[in-house]
1. For A64, state whether it is part of a helix (DSSP H, G or I), buried (at least 19 other Cβ atoms within 10 Å of the Cβ), modelled with pLDDT of 95 or more and of a type in the set (G, A, S).
2. Answer yes or no as to whether A36 is out of contact with any Asp or Glu (no Cβ under 9 Å at 6 or more places or on another chain), surrounded by 16 or more Cβ atoms within 10 Å (Cβ to Cβ) and of a type in the set (G, A, S).
3. Restricting the search to the stretch 35-65, which residues are more than 13 Å from E25 (Cα to Cα) and β-branched (V, I, T)?
4. Would it be correct to say that K24 is in a helix (DSSP H, G or I) and either in contact with a helix residue (DSSP H, G or I) (Cβ under 9 Å, 6 or more places away or on another chain) or over 21 Å from A77 (Cβ atoms) (or both)?
Amino acid sequence: MAYDGLKQYDKAADAYLNAISARKENVEARLQAGMAFANQGEKDKAKKYLGEFVKMGGGNNAFAIQAANDRLAKIAADSLPPTPPNPQ
């Protein structure tokens, strides 16, 4: 998490992926990897890891599940084409 604090999201994501490789059931690392990828603008990777976190039950942490769902919703909203102005 130190890399997150330094805004070195690429290094943070790599560290979390290493944690997932070491322990496949590590849900917290999936949340953090997803957030790091989202902060880098890597939406597909962010969706993958945040989605896995939620599907795995989020470690029974309702706050973290909500945070993941909120970030997924933001990614989805940011991916929508802009709404054209309403001519009046």
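The values are calculated or read from the model by the stated rules, or taken from the named source; none is laboratory data. Only a predicted model underlies this, so the values are computations on that prediction, with no experimental measurement involved. With ideal geometry, Cβ positions are generated from the backbone for all residues, glycine too; neighbour counts draw on all protein chains shown.
1. no
2. The answer is no for A36.
3. Listed by number, the list holds a single entry, I65.
4. Here the answer is no, as K24 does not meet what is asked.
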